[in-house]
Every structure is written in C-alpha cells, then in structure tokens.
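**Q** Mind looking over this structure? Questions follow.
Bear in mind that the values in this text are calculations on the coordinates, not laboratory data. The structure displayed is predicted, hence computed values, not measured ones. All Cβ positions, glycine included, derive from the backbone under ideal geometry; neighbour counts span all protein chains shown.
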Amino acid sequence: MLISALLLLCTAAALLSISAIWLITRDRNEFGDGDAGPISVLKPLCGADDALEANLETFFNQRYPDYELVFGVEKSSDPAVAVARRLISRYPNIHARVVIHGRLGLNPKVANLRGILATGTHDLVVVSDSNIAVSPDYLRQLARRFTTALPGHPEPGLVTNLFAGAGARTLGALLESVHLNGTIAGGVASSEILSGGHAVLVGKSMMFRRTVFERLGGMESLSSVLAEDYVMGRMFKEAGYEVRVCADVVRNITVQTSVKGFISRQLRWSLLRSKIKPLLYPFEVLLNPTAVALFALLAGAHVTVLAWACAITVVRDGLHWWRLRGISGISATLLGVPKDLLMIGIWAAAPFLSTIHWRGHKLRVSAGTRVYAGPAEA
C-alpha cells in the first residue's frame, strides 16, 4: 500500500510540473502592453563566467523603450570589468555603466547588489545573474506580468522567470541543464500553480520596485543569509504581495562544468533547502522517481518499478526540455535517471555539511541559511 502511494505521488508530481510549465509558458502575449516605465537592470558580476560577453550582450538588445544597465563588481581587477566596458563601448546608445564598490556583507551576491542598487536611477528594478541570456522581449514580458493582475488578485510585488539550462559542452554541464529543465523549473512552475500567487522565488531573474523592497527591509536585511532569493520572496509574501512567474523563459548558460562542479553546486543548493525547511527536507527524496523505485525494490516490489521510474523521468524531463528550449539537444534528458541517482547521494549528504566555498569565499551556514565567515586559514 505504501509503495503504491509513493508511486502515485511521484506520478502526480510529474504530471503537475508538466502541466504547470505548459500553463505558464502559454501566456506569453496575454499581459498588457509591456511598458511599465523606466527600468534599472542590475547585473552583479564576479569573474569571467562561461559565455559572459554573449550573455550580457542580450541585455543591450532589448526591445524596451527606456532602461539602463548597471554592472557591479567588487574589484577593478575583476576580468568581468573589461567585458562590460567593451560592450558599453559597442552600444553607445544604451545607458550603461560599471560600478566598482567594496564588500558589503557576507553573502557575495547580496554584497554586490548592495553596492549597485542605490546607484540605479529608476524605481522599477530588474536583477539577473551573470550567466543568464535573454530574449529581446525579456523586459517587455516582465513588465507585462508585473503590471497586470489576475482577476481577484492584486498586482504582483515580485515577478520571476522560468529558466532553461543551455550551452552545455561537457557531461557536468549536461547534467546541470537536465536538472534545471526537469526538476528545478518544474518545482518553480508547480509552486506558482499550487500557491495561487506565491511562487518560489529563484533569484536568477526578478523584477520589483525598489521603494517597496526598501520599505520591507531592503538588501541590508539579506546580507547575512545565503538563500537570499527565498528570504526575499518571503518578505514580499508576508507583506501581502504576490510573487508571480513570467511566461518568458530565460537561458541559464553553463558550458564547461565538470561532474564534480555539478555535484558541488547541487550540494550547496541542497544544503540551503535543508536549512530552510529542516522538517520537510527529509521527504524531498520521495519526489525522485529513481529513489522511490529503489526503495520499492528493497521492499520487495517487482522489478518493473524501475521501468516506471525511467519512463516517468524521461517523459517529464523531455516534455519540460521541449517546452522550455525546443527540440534541440533533447536526447540529453536520457541522463535524467543517472542524474537522479547522483541526487540521492547529494540529498543524503547535504544536511551534514556546514561550510561551503562559493565564488572564492568560504562561508559557514547555520539554521535559516544564516552565514558566518569561515575559519581563518592557517
């Protein structure tokens, strides 16, 4: 009976995520005229990520009437500075600048954003990561979603995007793309449908009003937590604002990551989830069809449960991939089952970690993802 319930749960979760992604992405042209007024686009940079110049260039080619780009770095010697300045010279008609600032907090991304948020000219703000590439209508789509309320709902306080892993040239990068397109995108989309207006916020791309955010506590309130996007979403939710998902899909570009790099990133993300929801985290594995199939075999179920796990994983990941980024490269979704085997080990190990290395910083993580400086090196 328990085995049947777990199989049904996994199947229902997969069907929900497939339906949620379809429902969100079908509404691409449904909201407003796509002009919410001038926008400040904040781009925190650190190092020369994969395809950094190509990613940043997509923000210089927006079909939006009034916006500015603000690139933030901690040091003038950062290689990202030269990339940003080269693009600024190439597109003199776009209002853009580089801001070099000191370290303002333990969370590296929040520290960067604190250094540049105050320099933005406009109240409407978009924040996106350096490894994100976008369509020419990215800002228009965000503005449409931000300024149009659903019937019976207030206007959103935050709008985020679904994202598709792309650009992979190594096994580790392929695993990253399959996981982003299958498990992560499905989880974000499902949270939008299930919550009725309080989607899980993933900070790769988000739009909000600076005056509202500062009234709720601002970047300073996030400087000592590592899951700043989750906490930021909670800030808006607790204040009565909705967090919505835009129909436009952004691309998360990962080119050269190794399998070790994939594991390291997923350990960090799993550690964060274990600190955010310590009572729910142990049950997370029950949404992994491969893990449920292995549990069923140990409990004496027929070997056909493995066929079920492979089928539900490939169908889910394949349909997500097709909807988010098209048919190209869809054969990579055959890696879904071995990837989920890795994720079982990552899920088991993450709660026992307390220290992470991120962007050259060593940090200790405690309850609620509060961070402390790592021990001094001998």
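**Q** Take each uninterrupted DSSP H stretch in the chain, measure its Cα extent along the helix axis, and return the ones at 24 Å or beyond whose mean Kyte-Doolittle hydropathy is at least -1.0.
**A** Going by DSSP H runs, the hits are 2-25, 259-276, 304-325.
**Q** In whole angstrom, note down how far apart the Cα centers of region 168-183 and region 259-307 are.
**A** 17
**Q** Then there's this: Of the beta bridges DSSP finds with both residues in the chain, what % are antiparallel, to the nearest 5?
**A** 40
**Q** Oh, and also: Among Asn161, Gly182, Ile193, pick out the residue whose Cα is farthest towards the positive end of the charge dipole of the chain, where Lys and Arg carry +1 and Asp and Glu carry -1 on C-beta, about the Cα centre.
**A** So the residue we want is Gly182.
**Q** Would you kindly calculate the translational diffusion coefficient of the chain, applying Stokes-Einstein with the Kirkwood radius from alpha carbon pairs, for 10 °C and a viscosity of 1.306 mPa s, and quote it in µm² s⁻¹ without decimals?
**A** 74
**Q** Further, regarding this structure: Given springs between every Cα pair under 10 Å in a Gaussian network model of the chain, which of Asp123, Asp248, Asp340 has the largest fluctuation?
**A** Asp123
**Q** Give me the percent relative contact order of the chain, please, defined on Cα pairs under 8 angstrom at least 6 residues apart.
**A** Result for the chain is 21 percent.
**Q** I'd like the FRET efficiency for Trp269 and Ser221, computed as 1/(1 + (r/R0)^6) with the beta carbon distance as r and R0 of 25 Å, rounded to 0.05.
**A** Result of the calculation: an efficiency of 0.70.
**Q** Which value in deg cm²/dmol, rounded to the nearest 500, describes the helix-derived mean residue ellipticity at 222 nm for the chain, given -39,500 (n - 2.57) per DSSP H run of n ≥ 4 and division by the residue count?
**A** My calculation for the chain gives -13500 deg cm²/dmol from helical runs alone.
**Q** Roughly how many whole Å is it from the C-alpha centroid of region 53-115 to that of region 191-245?
**A** Answer, in whole Å: 22.
**Q** Given the pairs Lys109/Lys237; Lys109/Lys260; Lys75/Lys339, which are separated by over 30 angstrom at their Cα positions?
**A** Lys75/Lys339
**Q** Tell me the trypsin sites (Lys or Arg not before Pro) within region 167-259 that lie in a loop according to DSSP and have at most 16 other beta-carbon atoms within 10 Å.
**A** Counting only loop positions with at most 16 other Cβ atoms within 10 Å, the trypsin sites (Lys or Arg not before Pro) in region 167-259 are Arg169.
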